[in-house]
Amino acid sequence: MMVMTQENLTSKERFDKIFEVEFLPQIDALYTFAYHLTYNEDDANDLVQETYLKAYRFIEKYIEGTNAKAWLFKILKNAFINQYRKKSKAPTKVDYEEIINFHDEENDTNYSTHTDLREEMFQSMMGDEVTNAINALPVDFRVVILLCDIEGFTYEEISKIIDVPIGTVRSRLHRARNMLKGQLKTYAESLGFKDKRSKD
Amino acid sequence: DYQELVRKVTMYLDNELSEAEAYLKVLSQEKSFREFIKSKLHRRKPSPALIKSIKDKIKT
């Protein structure tokens, strides 16, 4: 059995305080980032939870009062990339729990209403061309757009979060925005945004 | 083929130019494109259940 010494207790209290004061206030931003990376609430929840558990496990490596937000974003981005790589290598699997839940729901009288609602939500989500266009960006490009345009990180902060030189951040942003422009041109015009850009 | 101007304008809008800081049209178009994208990237709130779950796991 581990005996909690005064020293241990003090550092645990200090870590708990850092967690409460510096880490937890970032949860909205982390969840928004996770959601825009995965476009799935369950996956976003898992990513955020994994991020916080890892952050707490390695909290002694964090220097109190520094950029907690960037530190947490880096952990989340790495967790996402690891999952993303695993998923893209793994063959398609059917989740056992999903099958069990499916059969349970099939006996539920509310099942048809439930699927109609999900279908409606799905259609509404698919209707959002911007979401589709961002989702279609290669993951490295999607990450920089989200970090810059939603979270307002500086190029330097982004370069630390994703471990690439600032020049690479700059060129990825430039290319990502050009890709988005290409994909969204028609959609934006249909909403009244006009592309009057002239290169002459 | 403007691309250099767009690059500078982009950095200007990101507050990344050094004090480096028809062209006006390019600036306003880049700005409205940026606002258009931002308006579509909605912020989302985590559920109270997620926050509780994280706190519980940290405690135990």
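Going by the conditions given, is A:D16 modelled with pLDDT under 90 and open to solvent by 10 Å² or more (accessible area, probe 1.4 Å)? Spelling it out, A:D16 is indeed modelled with pLDDT under 90 and open to solvent by 10 Å² or more (accessible area, probe 1.4 Å).
Please work out which residue is most open to solvent (accessible area, probe 1.4 Å), limiting yourself to the range B:33-60 and to residues that are farther than 27 Å from B:R7 by Cα and of a type in the set (S, T, N, Q). The selected residue is B:T60. For the range B:15-32, the set of residues classified as surrounded by 18 or more Cβ atoms within 10 Å (Cβ to Cβ) and within 14 Å of A:C148 (Cα to Cα) consists of B:E16 only. Within the range A:13-32, residues that are outside the structural domain of A:I150 (by TED's automatic domain parsing) have Cβ atoms under 7 Å from residues that are assigned to a helix (DSSP H, G or I) and open to solvent by 30 Å² or more (accessible area, probe 1.4 Å) in these pairs: A:F19/A:Y56; A:Q26/A:K69; A:I27/B:I51; A:A29/A:K69, counting only partners at least 6 apart in sequence or on another chain.
Reported count of residues in the range A:148-200, each being at pLDDT below 90 and outside any helix (DSSP H, G or I), is 12.
Are any residues in the range B:20-49 over 15 Å from the mean Cα position of the chain (by Cα) and modelled with pLDDT of 85 or more, and if so, which ones? The answer is B:A20, B:E21, B:A22, B:Y23, B:L24, B:V26, B:L27, B:S28, B:P46, B:S47, B:P48, B:A49. Of all the listed residues (B:I37, B:I54), the sole one being touching a Phe, Trp or Tyr at 6+ places or on another chain (Cβ under 8 Å) and at the interface with another protein chain (Cβ under 7 Å from one of its Cβ atoms) is B:I54. If you go through the range A:30-58 and keep only what is over 17 Å from A:K69 (Cβ atoms) and among the basic types (K, R), you end up with just A:R57.
The values are calculated or read from the model by the stated rules, or taken from the named source; none is laboratory data. For clarity, every value in this text was computed on a predicted model and none was experimentally measured. Glycine gets a Cβ as well: all are built from the backbone with ideal geometry, and neighbour counts include every protein chain shown. These area figures cover heavy atoms from the full protein model, side chains too; ligands, DNA and RNA do not enter into them. Shrake-Rupley method; radii C 1.70, N 1.55, O 1.52, S 1.80 Å.
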